[in-house]
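Enquirer: Here's a structure for you.
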Amino acid sequence: MYTTKIAYKLFFILCFFVLLNQGQLNAQIVIGTPNLGFSQACASDTFNTYSTTFVFSPASALNASNQFTIEMSDADGDFSNATVIYTSSPGSITTSPATLSFSLPETTAGENYKIKIKSSAPVASSSGSTTFAAYYKIQDSPFTINNLVATAAYCSGGNYLLTIDNPGSGTNDSPLNYASLTFNWFKETGPTTSVFIAEGASLTVNEEGTYFVETNYGTCTSNSFSNRVTISEVLSGEAEAGISSSLGNPFCPGQGFTTLSTLAGNSYQWFKNGVVIPEATNQMYETNESGTYAVQVDLGNCSATGAIELVSELFDASINVSEENIIEEDEMLSIIITTTAIDPEFEWYLDDELITDATEDYYEASEPGTYRVIASETSGCIASRAFEFEIIEAINPFPDVEKIPNIVSPNGDGFNDTWIIPTKYVNGTNTKVMIMTNRGKIVLQTDNYLNNWPETNLNLTSVNQVFYYVITTPDNDTKKGSITVVR
C-alpha cells in the first residue's frame, strides 16, 4: 500500500515537469535568416529605404509586448558593436513571414555588412544575413582639386602636392566638409582606364601624368570625383602655368568676382595686359574685368608662366547724353539707353529717388538734378550697368534786376559772381558802360555789356577792392557809383 502511494506521487511529479517543460517550449520562437531585398545599399539624402523579409515560428509564442529589431554589423560583418537600425512597435508584427524597412546611418561605408533580426518577448535572434556592400553617400557631386587648374609642374628632382580644395572657388561642394569620408587617388593609364595610387585627402606626385581623386564609396557608383590635373616635370627653363577662372571663361560679372588660380609655387606675380598688378602676389587673384592676365610662378629651382584671355559676358550698353547737360526753362532732354541685354529692365532715379513711372529705355527729363539709370539683364548672365548724368538749368545772363548792385563776389559759387545790372542797360540797348579802378584805369568799356564782368582774375591786392562805374544811356542819362569786389 505504501509503495502504491509513492508511485502515485512520482507520477504526479513527472506530469508536472512535463507540463512545465511543454510551457517553456511553447514560450520559445525560432527566427529564420533574413532575406535581403537588395544586392547592395547605396544610400543618399534622396534615397535611403531598404527592406528585408524573415520568418519566425511559432507565431503563437509572441508576447503582446514583443518588438522586432534589426541590428547591423560593422563594415567587417562583426556584431560585437552592432547598430540598431529599426525597432517595431510593441505587438505590431504577429504573422510570419514579415517584411521590415530600414534606413542606413550616415556613417555607413563598407563592403561586408550583415544584418540580423531579434525579438524581445520572447528573446530570440536570427543568424546573420549574407554580406552586402553599403554606403551612405553624404556628398555625391563633383568637386575640385588644385583650385581647378588643369596643369601643374614640379622641378626635376622635386615633387608636387595635389590637395582637395576646401572650400575651393565658386560653388565647389568640398567632400572635406564631411569627416566620415575617405578618398582614393588614381593616375590615368589610358583614355578610359586608370590605376589606384593611394588613399588620403592629398597626394604627393613625383611622376608625370594625369591624376584625379574619388570619394571612397566602394562598389557604389558615385558622382563624387574631382577634375583631372596633368602634372609635368621641368628639367630646365620654364614650365607652363595653367590659369583657371572660378566663374568660367567667359564669366558673368553679375555673380561677383571671378577668382583666377594657378599652380602652387614659392611666390607669384600677376599681370594685366602686360602691366604688373601691384600687390597681386598670391596663388589666386580676384577680378571682375576682362583682359589678358598672366602670372609668373617661382617653383624653386625652376619657374612657370601662364596667361589667360579673360572675357566678361556683361552686356554692352550706352547712353546718348553727356555727364553734364544744360537745358533752358521749359525745355526737355531726351535720354535713350541702347543695350544688348537680354530681357532688359530699367530703373530711373532723380537725386537718388526712384522715378516710379519710368521703366523703359528712354526718358524725357525736364527737372534739373542728378540722374541715374540702371539697365539690368534678366536672362542668361544676370547683371546690371549704371549710368549717371546731371541736368543743369541754364542761367539767364540777363535777369531783370531792379537796382545796380554795388558788390560782386567772383568766387564761383554761382551767386553774384558777375556784376548784373538792369536789362535796360545791357546787350542791345546801346548803353555805354565803363568800369575803372580807384586810380582811374579803365578795365572795361563797351556799348554792349553782357553782364559778364569780371571775366578774369582781377589779381586783387587787398581783401576787398573798389572799382567805379559810369553808365550812359543813348539819351545821355548817366548813372555813377562804386563796385566793391569781395575776395
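Enquirer: Could you list all residues from the range 288-313 that are touching a Pro at 6+ places or on another chain (Cβ under 9 Å) and either assigned to a strand (DSSP E or B) or not charged (D, E, K, R) (or both)?
Expert: The answer is ASN288, SER290, LEU310, VAL311, SER312.
Enquirer: Looking at the range 268-279, I want the residues that are of a type in the set (A, V, I, L, M, F, W, C) and have a partner that is buried (at least 17 other Cβ atoms within 10 Å of the Cβ) and part of a loop (DSSP other than H, G, I, E, B) with Cβ atoms under 8 Å, at least 6 apart or on another chain. Which pairs are those?
Expert: That search, which allows pairs on different chains as well, returns TRP270/ALA280.
To keep it simple, each residue is scored yes or no on (1) over 45 Å from the mean Cα position of the chain (by Cα); (2) surrounded by 17 or more Cβ atoms within 10 Å (Cβ to Cβ).
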residue	(1), (2)
ALA43	no, yes
ASN48	no, yes
SER65	yes, no
PHE68	yes, yes
ASP76	no, no
ASN81	no, no
VAL84	no, no
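Enquirer: Next up: Please find, within the range 394-407, the residue that is surrounded by the most Cβ atoms within 10 Å (Cβ to Cβ) out of those that are within 27 Å of ASN325 (Cα to Cα) and of a type in the set (Val, Ile, Thr).
Expert: Here the answer is VAL401.
Residue-by-condition table, conditions (1) under 30 Å from MET434 (Cα atoms); (2) exposed (fewer than 13 other Cβ atoms within 10 Å of the Cβ); (3) free of Cβ contacts under 8 Å to residues at least 24 places away in the same chain:
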| site | (1), (2), (3) |
| --- | --- |
| ALA307 | no, no, no |
| VAL321 | no, no, no |
| THR338 | no, yes, yes |
| ALA341 | no, no, no |
| ALA358 | no, no, yes |
| GLU388 | no, yes, no |
| THR418 | yes, no, no |
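Enquirer: Go through the range 63-92 and give me each residue that's assigned to a loop (DSSP other than H, G, I, E, B), under 24 Å from ILE29 (Cβ atoms) and touching a Phe, Trp or Tyr at 6+ places or on another chain (Cβ under 8 Å).
Expert: Result: SER73, SER88.
Enquirer: Looking only at the range 108-127, which residues are closer than 19 Å to SER96 by Cβ and either touching a helix residue (DSSP H, G or I) at 6+ places or on another chain (Cβ under 6 Å) or in a loop (DSSP other than H, G, I, E, B) (or both)?
Expert: Those that are closer than 19 Å to SER96 by Cβ and either touching a helix residue (DSSP H, G or I) at 6+ places or on another chain (Cβ under 6 Å) or in a loop (DSSP other than H, G, I, E, B) (or both): ALA121, PRO122, SER126, SER127.
Enquirer: Suppose we filter the range 66-88 for residues that are within 12 Å of ASN112 (Cβ to Cβ) and of a type in the set (Val, Ile, Thr); how many remain?
Expert: Looking only at that region, the number is 0.
Enquirer: Run ALA264 past the list (1) outside any strand (DSSP E or B); (2) over 19 Å from THR163 (Cα atoms); (3) modelled with pLDDT under 90 and report the number of the one that doesn't hold.
Expert: The number of the failed condition is (2).
Enquirer: Only strands (runs of 3 or more DSSP E) wholly contained in the range 160-213 count here; list those with 3 or more residues that are among the aromatic types (Phe, Trp, Tyr).
Expert: Ranges flagged: 183-188.
Enquirer: Identify, please: which residue in the range 224-240 is modelled with pLDDT under 90 and of a type in the set (A, V, I, L, M, F, W, C) and is, among those, surrounded by the fewest Cβ atoms within 10 Å (Cβ to Cβ)?
Expert: The qualifying residue surrounded by the fewest Cβ atoms within 10 Å (Cβ to Cβ) is LEU235.
A quick yes/no check of all residues on (1) under 27 Å from the mean Cα position of the chain (by Cα); (2) closer than 30 Å to ALA294 by Cβ:
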residue	(1), (2)
GLU188	no, yes
ALA198	no, no
SER202	yes, yes
GLU208	no, yes
ASN223	yes, no
PHE251	yes, yes
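Enquirer: Right, here's the next one. Considering only the range 401-418, state which residues are among the hydrophobic types (A, V, I, L, M, F, W, C) and modelled with pLDDT under 85.
Expert: Listed by number, the residues that qualify are VAL401, PHE415.
Enquirer: Please indicate, with yes or no, whether at least one residue in the range 279-296 is of a type in the set (Val, Ile, Thr) and buried (at least 22 other Cβ atoms within 10 Å of the Cβ).
Expert: yes
Enquirer: Go through VAL30, VAL84, VAL55 for me and flag whichever is farther than 20 Å from THR221 by Cα, touching a Pro at 6+ places or on another chain (Cβ under 6 Å) and not hydroxyl-bearing (Ser, Thr, Tyr).
Expert: Just a single option satisfies the conditions, and that option is VAL55.
The values are calculated or read from the model by the stated rules, or taken from the named source; none is laboratory data. Given the structure is predicted, the values throughout are model-derived calculations rather than measurements. We place every Cβ from the backbone using ideal geometry, glycine too, and count neighbours over all the protein chains shown.
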